[in-house]
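Just so you know, all these numbers are worked out from the coordinates, no wet-lab data involved. Model, not experiment: these values are computed from the prediction. Cβ placement follows ideal geometry from the backbone for every residue including glycine, while neighbour counts extend to all protein chains displayed.
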Amino acid sequence: MSLYKTLSSSLNWPTGHGHPSTTTLLTSISLEPTHTFLIPHFLTTSTSDKQSPFLLLSFTQTLSHYTHILRKQGINQTKHKTIFINALNTQNDLGATLPQVTRPDYTLRRTEWPEFFKFLDSFKQCTLFIDGVCSLLDLGEDVEVVGDFVVGCKRIVEGNNGRLIVGLFLDEFTDPLVSRLVRSAHYYLGFEPLASGSSADVSGQLTVVPGHLYCQVHDSSQEFKPMLLHYRVSDTTVQFFSPGQSRIVL
């Protein structure tokens, strides 16, 4: 089931996301990480057959934050299981301090990346959504180290016929990391402010282009469509529509 059917149709993604064994890079320019609004979409499309696990790895938020987003968009988490991996607070054991329903399924510590790769390798045909990996740069990690971590996840996920989705904030500080990751991505979706200025009916624009590796999965019968879309964020949903058209019409 595709949550944002207009987006999926516009990009010619019949299943709501890209091909298996691909990587999608999402970036947000605004301080509000707009790409997180796509998490419910990828969750519902990935778990619709109840055989493809959805893993959410966050370097910026706890599970409660994402649960709030899912609830606002009417997602029943009992029907769409999320395996939550905490990388925000690696000094304390959140599993022992939080209520059972908000405890992470796995805690990722900086010194235990090899163990995490083994854990990740146990999931076949999964969707892994990594949110806020650029925050490692704020903690003093080198761009190459952060990039190597994402590439390690990519190798495992794609090798198991899964899909990797990486969402991060884009500015001059994270630009070197984004530049590296986009070279190893098949799809790139960039959220940014409206180029023509502010509008009460338009929250921003989404630029969607093929990544450098798209040629490896090119299928003329299901050709991915690069395009520019406008979007509007409300309390309970996100609406996508073509520039100049009413969001209600499309």
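Structure above, values below:
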| item | result |
| --- | --- |
| Cα-projected label distance for ASN12 with SER48, points at 7 Å along beta-carbon direction, nm | 1.8 nm |
| Nonlocal amide H pairs with ARG163, under 5 Å, H built at 1.01 Å | SER21, CYS126, THR127, LEU128 |
| For region 136-143, Karplus couplings with θ = phi - 60° (6.51, -1.76, 1.60), whole Hz, Gly/Pro x | 5, 5, 5, 8, x, 6, 6, 4 |
| Per-residue ³J(HN,Hα) for region 164-170, Karplus 6.51 cos²θ - 1.76 cosθ + 1.60, θ = phi - 60°, Hz, x for Gly and Pro | 10, 10, 10, x, 8, 7, 10 |
| Eligible lysines near LYS79 by straight Cα distance, threshold 24 Å, same-chain separation 8 or greater | LYS5, LYS50, LYS124 |
